[in-house]
Amino acid sequence: MTAMEIDTEKNLQRKQSTYQSLDETFEIQNETYRGQQYSQIYFVRLHIMRTMLYSLVTHWKPHIPVCTILGLEEGKECIIVGTLYKHMKLKPCILDEYSKERSAVPLVKLHNFMHPDDHLVLEDESGRVKLGGTMLSPSAYVTGVVVALHGKETSAGDFLVLDVLEAGLAPQIDRQLKSKEDRYVVFVSGVNVGSSTSNPLQFQLLVDHITGHLGDEKEQGIAAEIVHVVIAGNSVEIPPGLLNGQNLASKDQSRLSEPVQELDILLTQIAAGVSVDIMPGSSDPANFSLPQQPLSRWLFPGSRVYNTFRSCTNPHCFELDGVRFLGTSGQNIDDLKKYSEARDELEFMERTLKWRHLAPTTPNTLGCYPFTDRDPFLIESCPHVYFVGNQDKYGTRILKGSEGQLVRLISIPKFCDTGIAVVLNLRNLECHTLSFGTQISA
């Protein structure tokens, strides 16, 4: 009988990375609400974007004069800078509910409010003018975008657009490659713990993979290279019918907290081995309007004892080993889907970067805090990775800017529907997916 060889256990050390949070822009700390309206955030947006566009106009068309909307002259070519307003025939209006006459407009599908009769208007402090011509397609733009337009006023009083200048990608910091080794970041969104479509075993498999408790030695070696996890919104779903404004019975109170308690158990397992950021989403117990503030740490008694656990804002911005990340839980892209058209989610993401604004439809159709002296959604520095959670399907591509900027776009699908998480390699910004499925045979 031959002696059995016993392999000594190989200790795997998880790789480390340098993390820096850049969420200060999105934090509401010293703001005071005094009944202010939303006009101020539009004024701030126009002022900052106009100053930047004026600097670009000198290189774009230096021979054409720049004027205000009030200073337009019929037939004279000029450049005007302002905020777009999209007049939409089918856009929902609360006043319609109180209208004495029943609307003759046909019922609209909830996912999109586009209509062939939609048109664009440009506004600045001096006035507004209706835009004409074929250069500016209403289907590609939304209210709140600031642009520079080359054209002339017609006899009808419209502004005939001959050319369009968008802000383009913001300046980008150099990506510092600190190591030639593979280091991975895992993105997941739409876990929806507590919903009817959520599969607890599916998410547990993902947790086991991240923590190195799944697979053979090779798989565990790959798991040891995961340095960060981002949970991009919609982590829990409160059972419908509980939050109806009535006092809750004791049994209903426990049902209300069960999804959060289950999520905390899973997050504790992750935070024990790797740093994790959790962002609020539209279904999470957080404020509704953007920017959403971090979920209360007191919701996570198990996770909060680890310094690797971070409750973050939505939008969320951070740097990892010199790579800058910027992302949302999906509300900004979901709103663009309702009021404009594109080939896919990635094209919507491209537009927000080229407009230099994360959520241009705020505050018109997407709720946001009424800031008076700043617009936190303006993109002043172009990220290296731009991610959006809770989308219908996975997608990714590289976006190249005119000044050499390179941005990895990532559309993260809902985990509860697809079982898919996204993995990014910090070394080369390449992406792949992890797919988890469970099937119980009869």
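Which ³J(HN,Hα) values in Hz, rounded to whole numbers, follow from the phi angles of region 158-172 under the Karplus curve 6.51 cos²θ - 1.76 cosθ + 1.60, where θ = phi - 60° and Gly and Pro get x?
Once rounded to whole Hz, the list reads 7, 10, 7, 7, 9, 7, 10, 10, 9, 5, x, 5, 6, x, 10.
Quick one: pull the percentage of alpha-carbon pairs in the chain with a separation above 34 Å. Write out the running numbers ahead of the final one.
On the way: 38936 of 97461 pairs.
Of all Cα-Cα distances in the chain, 40 percent exceed 34 Å.
Starting from the Cα of Ser289, step 7 Å along the direction of its Cβ; do the same at Glu74; then give the gap between the two resulting points in nm.
Between Ser289 and Glu74, the label points sit 4.4 nm apart.
Roughly speaking, what is the stretch gain from Ser381 to Arg128, that is 0.36 nm per residue apart minus the C-alpha to C-alpha distance, in nm to one decimal?
Length difference between fully extended and current span is 88.1 nm.
Return the aspartates and glutamates within reach of Lys91: Cα separation strictly under 13 angstrom, same-chain partners fewer than 8 residues apart disregarded; answer none if there are no such residues.
Within the straight-line cut-off, Lys91 pairs with Asp117, Asp118, Asp335.
On a 0 to 90° scale, report how tilted helix 200-211 is relative to the longest principal axis of the chain, with both axes built from alpha carbons and the result rounded to the nearest 10.
The angle comes out at about 80 degrees.
Where both residues lie in the chain, what percent of DSSP beta bridges are antiparallel, nearest 5?
Around 60 percent antiparallel, to the nearest 5.
Take the cross-link list Lys89/Lys337; Lys130/Lys152; Lys152/Lys354 and give me the ones stretching past 20 Å between alpha-carbons.
Lys152/Lys354
Roughly how large, in nm² to one decimal, is the mean projection of the convex hull of the alpha-carbon atoms in region 150-194?
The orientation-averaged projected area of the Cα hull of region 150-194 comes to 9.1 nm².
Evaluated at 4 °C with a viscosity of 1.567 mPa s, what Stokes-Einstein diffusion coefficient in µm²/s does region 357-442 have when Rh comes from the Kirkwood expression over alpha-carbon pairs?
83 µm²/s
So how far apart, in nm, are the two label points at Arg14 and Thr197 if each is 7 Å from Cα heading toward Cβ?
Inter-label distance under the simple model: 3.0 nm.
Between helix 39-60 and the chain, what is the angle of the helix's C-alpha long axis to the longest principal axis, kept within 0 to 90° and rounded to the nearest 10?
Orientation of helix 39-60: about 80 degrees from the principal axis.
Mind putting together the pair-distance distribution for region 262-379? All Cα pairs, 10 Å bins, whole percent per bin, short to long.
P(r) for region 262-379, in whole percents per bin: 12, 38, 31, 17, 1.
When averaged across all projection directions, what area in nm² does the alpha-carbon convex hull of region 130-220 cover?
On the way: hull surface 50.4 nm².
Over every viewing direction, the Cα hull of region 130-220 projects on average to 12.6 nm².
Output wanted: per-residue J couplings in Hz (rounded whole) for region 386-391, from phi through Karplus 6.51 cos²θ - 1.76 cosθ + 1.60, θ = phi - 60°, x for Gly and Pro.
10, 10, 9, x, 6, 9
Based on alpha-carbon centroids, what's the gap between region 133-158 and region 338-381 in Å, whole number please?
Between the Cα centres of region 133-158 and region 338-381 lies a distance of 19 Å.
For the chain, find the longest principal axis of its Cα atoms and tell me its angle to the long axis of helix 345-355, 0 to 90°, nearest 10.
That helix lies at roughly 50 degrees to the long axis.
With all protein chains present, how much of the accessible area of region 264-403 (probe radius 1.4 Å) comes from carbon and sulfur, to the nearest whole percent?
Ligands and nucleic acids excluded, carbon and sulfur reach 50 percent.
What is the magnitude of the charge dipole of the chain about its Cα centre, with +1 placed on the Cβ of each Lys and Arg, -1 on the Cβ of each Asp and Glu, and no other charges, expressed in debye to the nearest 20?
That gives a dipole near 420 debye.
Under a 1.4 Å probe, what is the accessible area of the chain per residue, stated in Å²?
51 Å²
Mind checking the full-extension length gain between Ser21 and Leu56? Use 0.36 nm per residue of separation minus the Cα-Cα distance, one decimal, nm.
That pair, Ser21 and Leu56, stretches by 9.5 nm at full extension.
What is the set of long-range amide H partners of Gly395 at a cut-off below 5 Å, with H atoms built 1.01 Å from backbone N?
When sequence neighbours closer than 5 places are left aside, the close amide H contacts are Ser411.
Need the full-extension length gain, His87 to Ile48, defined as separation in residues times 0.36 nm minus the C-alpha distance. One decimal, nm.
Extra length available between His87 and Ile48 comes to 11.6 nm.
Take the chain, mark every one of the trypsin sites (Lys or Arg not before Pro) that falls in a DSSP loop and has at most 10 other Cβ within 10 Å, then report the longest stretch left between them, sites excluded. Mind showing how you got there, number by number?
On the way: sites that count: Lys10, Arg34, Lys100, Arg102, Lys109, Lys180, Arg343.
Answer - 181-342.
Through the Karplus equation 6.51 cos²θ - 1.76 cosθ + 1.60, θ set to phi - 60°, convert the phi angles of region 261-275 into ³J(HN,Hα) values in whole Hz; use x for Gly and Pro.
Working through the residues one at a time gives 5, 5, 5, 4, 4, 5, 5, 4, 5, 6, 5, 5, x, 8, 5 Hz.
At a Förster radius of 35 Å, what calculated FRET efficiency corresponds to the Cβ-Cβ distance of Glu181 and His213, to the nearest 0.05? Don't jump to the answer; show the numbers that get you there.
Values: r = 23 Å, r/R0 = 0.65.
About 0.95, to the nearest 0.05.
Roughly speaking, what is the centre-to-centre gap between region 12-41 and region 417-440 when only Cα atoms are used, to the nearest Å?
Computed from Cα coordinates, the inter-centre distance equals 27 Å.
For Leu162, what residues show an amide H to amide H distance below 5 Å, using hydrogens built from the backbone and excluding near sequence neighbours?
His150, Gly151, Lys152
The values are calculated or read from the model by the stated rules, or taken from the named source; none is laboratory data. Just so you know, these numbers come straight off a predicted model, no measurement behind them. Using ideal geometry, Cβ is built from the backbone for each residue, glycine included, and neighbour counts are taken over all protein chains shown. Protein only, heavy atoms only, side chains kept; ligands, DNA and RNA dropped before computing areas. Shrake-Rupley method; radii C 1.70, N 1.55, O 1.52, S 1.80 Å.
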